[in-house]
Amino acid sequence: MTRAPHWQHQTICGNFYSQLQAWSQATGLGRACMGVGVMFSASNDVIPDVVWLSMEKYTALIDDASHVRGAPDLVIEVLSSGAENERRDRQIKLKLYQNSPQCSAYTAKRLGSGQAAVSESQIVAGYIELAPKIGRD
């Protein structure tokens, strides 16, 4: 069983979300969300920590229940503490993102005091700059 995320984990997620959301509102290019269900298929669904969808993908992928049905443009997974949780984040979840080439996925590991180091997953392409802009080549 997976335990509920701790305070520091959620603080880091909130920091990423707030930066993405502020940029999205300023540019009108997309929307950010924390903890939304992402469904790749009937048997492959996950709840990433933070996702971002371009407006085009938002219109195409959000279903009537407000789940994401397909690969987001950007996914951030804050690595959960504990070996089994980290394995799930790094292997199981990222494997789903790997199979969606249009999805950029990043892992973040807590450094302390709510700070996080971001590293691009080695299995997907893209980049993130939390300030002053967010984008992808």
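The values are calculated or read from the model by the stated rules, or taken from the named source; none is laboratory data. Nothing here was measured: the structure is a model prediction, and the numbers come from that model. When we count neighbours, we look across all protein chains shown, and the Cβ atoms used for this are built from the backbone with ideal geometry, even at glycine. Quick note on the areas: whole protein, heavy atoms, side chains included, nothing else; ligands and nucleic acids left out. Shrake-Rupley method; radii C 1.70, N 1.55, O 1.52, S 1.80 Å.
Can you pull out the residues in the range 1-36 that are in a loop (DSSP other than H, G, I, E, B) and more than 24 Å from R87 (Cβ to Cβ)?
Answer for the range 1-36, where residues must be in a loop (DSSP other than H, G, I, E, B) and more than 24 Å from R87 (Cβ to Cβ): G28, L29.
Any idea how many residues of the range 1-35 are of a type in the set (A, V, I, L, M) and buried (at least 17 other Cβ atoms within 10 Å of the Cβ)? Reasoning before the result, please.
First pass over the range 1-35, keeping only residues of a type in the set (A, V, I, L, M): 1, 4, 12, 20, 22, 26, 29, 32, 34.
In the following step, the residues that additionally are buried (at least 17 other Cβ atoms within 10 Å of the Cβ) were identified as 12, 20, 32, 34.
Final tally of qualifying residues: 4.
Which residues, taken from the range 45-87, are assigned to a strand (DSSP E or B) and without any contact (Cβ under 8 Å) to a residue 24 or more places away in the chain?
D45, L53, I62
What's the number of the condition M39 fails, among (1) part of a strand (DSSP E or B); (2) farther than 13 Å from G70 by Cα; (3) open to solvent by 30 Å² or more (accessible area, probe 1.4 Å)?
(2)
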